[in-house]
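Accompanying notes for the structure given below.
Values quoted throughout were computed directly from the atomic coordinates according to the rules given, and no laboratory measurement underlies them. Source: prediction; values computed, not measured. So basically every Cβ, Gly included, is an ideal-geometry build from the backbone, and we count neighbours across all protein chains shown.
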Amino acid sequence: MMKILTLPQAVVAKHGAKAWPLGLAGAGLLIVGSLLSWSYDAQVLDDLSISLNPGGLQIMAIGFAALAIILLLARKGPLTPLGQWTHTAKGLHAVADWTLIFMVLVVAGITSEAGGLVNVAPGAWISLLGAVVLFAASRLVVHRKYRDPAEAALPGWIEILVIVVVMAAVLFGTAYALNLTDAWEFVLFLVFVSGMVVAASGAGLLSWLGHVTTRRKRVLILAAFAVAFCFPLTQGGSDANMSIASQVLVFAAAAMGLNIVVGLAGLLDLGYIAFLGSGAYVGATLSTSGFATIGWKPPFIVVILVAACFSGTLGLIIGAPTLRVSGDYLAIVTLAFGEIFRLTMFNLDGNNGPDLTHGPNGIPAIPDLAFGSFNFGDTHYLLGIPLARFSNYYFLLLILLAFVILVFHRLNTSRIGRGWVAIREDEKAAEAMGVNVFGLKILAFVTGAFLAGMAGAIKAHQDVSVTPDQYIFLESAFLLAAIVLGGMGTIVGVLVGSVILKLLPEKLRFFSDYRLMMFGLLLVLMMRFRPEGLVANRRRQLEFHEEDEELAVRVEGDVAEGVMEV
Amino acid sequence: MSNLTTGAPKVAIFVQQLINGLSLGSLYALIAVGYTVVYGILQLINFAHGEVFMIGAFGALTVSVVLFQGNTALWTLPVMILGAVIASVTTAVLMERFAYRPLRNAPRLAPLITAIGVSVFLQELVRLNYNQVPFTTWNPFNLPDAKSLIPFPQIDVVTGPAIQVGGVTIQREAIFTIGALIVCSVLLWWFINHTKMGHGMQAVSQDKDTARLMGINVDRVIVVAFALGAALAAVAGVAQGLQNHNIDFHMGFLAGLKAFVAAVLGGIGNVAGAVVGGLVLGVVEAMATQYIPGQFGGSPWKDVWAFVMLILVLVFRPRGLLGEKVADRA
């Protein structure tokens, strides 16, 4: 959008001075419009019809306007100290683009939901006009030099405060998004969030935040887990969203395990879901379900270890012979293994083999977990807030995810992690330098399988039943997509990718027919335009953009300063 | 199929399974050529090739429904095959142009992931939009709904009552499939060894850079490789439709995977190897259902044995039965 709609240099030079007042006028109009009624129909988009009582979408529009005003005042006005550090022009471009998209979609949404353009009230038109004016103004803004935000030094407490505020915004935003029932509202909220993120990233705020979070890693991790822990408390005992959230966590834990294999060691595993599945099957057959086929009923802590070891052993069996072959072959062998697993579970039904899994019917009626007197199926109370079944699993899965992330992080920052980087970038060179290529590959493969086995054992109880069709190839592809989308080898990226891939389909039900198609298209487009993922690891980025000299210099600089882990 | 054993002489059983295996293997071979040709030139596993095969079958079905409205005379078959080839080749060429070409110099993970994306996309495209223009319910030609199995037109002469030869039952579709493989193999052999473009393909698969210096249009050779594989997959799609009596949007996944096993079995990059590998895989599958004793021998396990064979081949003879023609890939 920015490339298509750039004004000629001459026009910018002539009218550049008008950008500032024009932009402020646009933002002002946007705010005024948002305080008025947007729609004559009170039923649509959560009631936008009352003047001076802005609804959710109107508050978002005001948020856009506020960001635009801050950026404009940072160019000229009281906030100029901030302007030295931010790339205001790029930020303004992004804000203006996304505000315009947002307002156009609002008008489209009101039109389609209320049945006709006549339902759009003057307030929406004023806001739309404001967005257009802001857009025009942003095109007149010229780029200015700004200082590297990495050098900005603020008092420590401000940095910590920023982290806390950002995390609180994430918590509030997620809870808000999950409670949106209307598809249009949800899409518009996504547009708002994307717009804010793109604008902040354009203005350089994200890279500053990145530096702050690297400096204050402990605070960040603590805040992130506090937020994740507090999430069920925002749901007021409703289990519907917690069901989605706990599925997201299983998915994220599996994706993070796969991230060790694909993201760190660079081994493409297309049958990873089989390891999750074998964990789930072990969990199910050793549970007290009436349909379980094995008599041994150990406590769950033993079951989860057995499941993990069983998956790990499978990983060893499949990995040991095949890890010697080149990468593409490995992808297909793992894919074949995934199919073997699914077909075997399907066939062990008593007719075509020993009755171990009940074939296509699977193992139903797996009881809820219970640690002592704490039954996961019951509703418990924390600070008077009811926490139902899925909330209990959510907390357990949160611990699992934390463990998986810990394993990931410790491996990544160790000698082993550096060995993986070396293998990923050039296997032969790594071998020549004395890296134990085969051993490290096996380690990655088995660790990934082990962690998936643990996740699977919990998943079996959470899902109540285990059937072969839960572990089809497409699920492996989804896990891989979460990694690719988020950013291979990163923690935050994969978490973001998992949330996007699991949450969006749940919320975009009206879209459900087309979601797989969009998923395929998304993979193709990601590989084409941003192969390093949404949250890119700098080194990863370099692997995908080998000819980018400037990036190479920056990566080297970061490594030298110790900002980036190798 | 193990219930055939009752009463029939042992030789007849063996010949029966051999013919079953060869007809199955011919399908694999026709698809496997597409994997191997592309891999030989680009070192890319075109994971979406199974979907090209599936789209071939749908192309043939479309031609039959739109042009012949239920007419199953033998003369419609060549037109259906032509329709299948056009559909498949168009898909493959577009795929190469828009999905793979931009990634020519990307790390190896990227095109493979793209291929998975293309595969899912094409399956869904057929599933949702075969009988309706996207985002509408408009169905100008009254095409059937692709969300479930669609009956494939049963052409006279090549389908119908099976032929009995001394206790062995030979399905007419099997004769068609094996015949199609023979014709396609001869044409392919002639194309690769006796045309300028064929020589160009050989040169590019040996050394892309030198071939370019010798004045060969590498991009065009790559497009031709995709088109060639697609054309053969299209024929396989028609054969599959005739053999199974119906087609669906998901048929490309397993067939494509098996064909890839066949290509690896024969030595990927080696065109003759793909044909041999396909036939061997088909025969092994058929024999496994017959001769592996006990509960693990039935047809539910045949796919498992095919994949086990893939793993074994890769472990003990990663260059395949006939050896890999391409040099070691660094």
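The figures follow:
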| item | result |
| --- | --- |
| Calculated [θ] (222 nm, deg cm²/dmol) that DSSP helices of n ≥ 4 give over the protein assembly as shown, each run adding -39,500 (n - 2.57) | -22000 deg cm²/dmol |
| Those lysines that a straight Cα-Cα span of less than 22 Å connects to A:K441, excepting residues fewer than 8 apart in one chain | A:K428 |
| Residues of region A:232-274 with amide N under 20 Å of a point placed 7 Å along Cα→Cβ from A:T181 | A:234-245 |
| Estimated FRET transfer efficiency (B:V133, A:L190; beta-carbon r; R0 30 Å; 0.05) | 0.65 |
| Cα-based equivalent ellipsoid of chain A: semi-axis lengths in Å, sorted from largest, via gyration tensor | 45, 30, 21 |
| Segment B:W75-B:R317, extension gain: residue separation times 0.36 nm, minus the distance between their alpha carbons | 82.6 nm |
| Relative contact order [Cα under 8 Å, 6+ residues apart], region A:233-325, whole percent | 20 percent |
| Region A:293-399: relative contact order as a whole-number percent, Cα under 8 Å and 6+ apart | 13 percent |
| Net charge of neighbours whose Cβ lies under 15 Å from the Cβ of A:A224, counting Lys and Arg as +1 and Asp and Glu as -1 | +3 |
| Hypothetical label at A:I472: residues of region A:349-367 whose amide nitrogen lies under 19 Å (7 Å Cα-Cβ projection) | A:359-363 |
| For region B:2-316: rounded, prolate or oblate by the Cα gyration tensor [a/c cutoff 1.5] | oblate |
| Net +/- balance of residues flanking A:V198 in space, Cβ distance below 10 Å, scoring K and R +1, D and E -1 | 0 |
| Within-13-Å neighbourhood charge of B:V157 [Cβ basis; K, R +1; D, E -1] | -1 |
| Förster radius 22 Å - calculated FRET efficiency between A:I294 and B:F296 (Cβ-Cβ, nearest 0.05) | 0.65 |
| Per DSSP, loop trypsin sites (Lys or Arg not before Pro) in region A:128-174 with at most 14 further Cβ within 10 Å | A:R144, A:K145, A:R147 |
| Estimated inter-spin distance, B:A12 and B:H194, nm [label 7 Å along Cα→Cβ] | 4.2 nm |
| Per-pair calculated FRET efficiency, R0 = 30 Å: A:L383 and A:R410 via Cβ, rounded to 0.05 | 0.35 |
